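We did not get these values from a lab; they are worked out from the coordinates using the rules stated. Just so you know, these numbers come straight off a predicted model, no measurement behind them. Virtual Cβ from ideal backbone geometry, glycine too; neighbours counted across all protein chains shown.
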């Protein structure tokens, strides 16, 4: 059996009263939604891979950095003043990936705070749902890491290797 096109299904359903056309339409719409979810998951994965790479990179340079689990998609890095003061957090940097409220774009968000230096800062960049710009995402993440780490290093002399 061949799959009917959208017009044919509509004609068969509305004019001929064919119930199988309605079932075929539901199956078709479910297939479209599944394909959209898969494509969106692939775009999210691209952004999360950038964060994974930078997480390993940050751990190499700041051995005392901690990474608590986040709900949703993203990474959080907590910094302390020294390895001797484990558990104390003086600053943090967080990235989150989500859909915009309108569900029309992907949002990569950055939050950071550093005691005694700056209060909570927020920034974001948006991407179309169909094609995330990897270069733009990398530049955004790297600029936020530089913004945070430079101030942290100047103020607290965080342990740096390499």
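The table for this structure:
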{"item": "The chain, helix-only ellipticity at 222 nm - DSSP H runs n ≥ 4, -39,500 (n - 2.57), divided by all residues, nearest 500", "result": "-16500 deg cm²/dmol"}
{"item": "GNM result for the chain, Cα springs below 10 Å: residue of 29, 107, 16 fluctuating most strongly", "result": "16"}
{"item": "For 6, 60, order by how many other beta-carbon atoms lie within 10 Å, fewest first", "result": "6, 60"}
{"item": "The stretch 10-162: relative contact order in percent, alpha carbon pairs under 8 Å with at least 6 residues between", "result": "19"}
{"item": "Debye-sum result for the chain in log10 I(q)/I(0), which assumes one identical scatterer on each alpha carbon, at q = 0.16 Å⁻¹", "result": "-0.91"}
{"item": "Gaussian network model of the chain, springs between alpha carbon atoms under 10 Å - residue of 120, 138, 46 with greatest fluctuation", "result": "120"}
{"item": "Residues residue 69 and residue 155, FRET efficiency given R0 of 22 Å [Cβ-Cβ distance, rounded to 0.05]", "result": "0.20"}
{"item": "Residue of 30, 142, 67 that the Gaussian network model of the chain assigns the largest fluctuation, springs spanning Cα pairs under 10 Å", "result": "30"}
{"item": "Length released on extending from residue 3 to residue 124, taking residue separation times 0.36 nm less the Cα-Cα span", "result": "39.2 nm"}
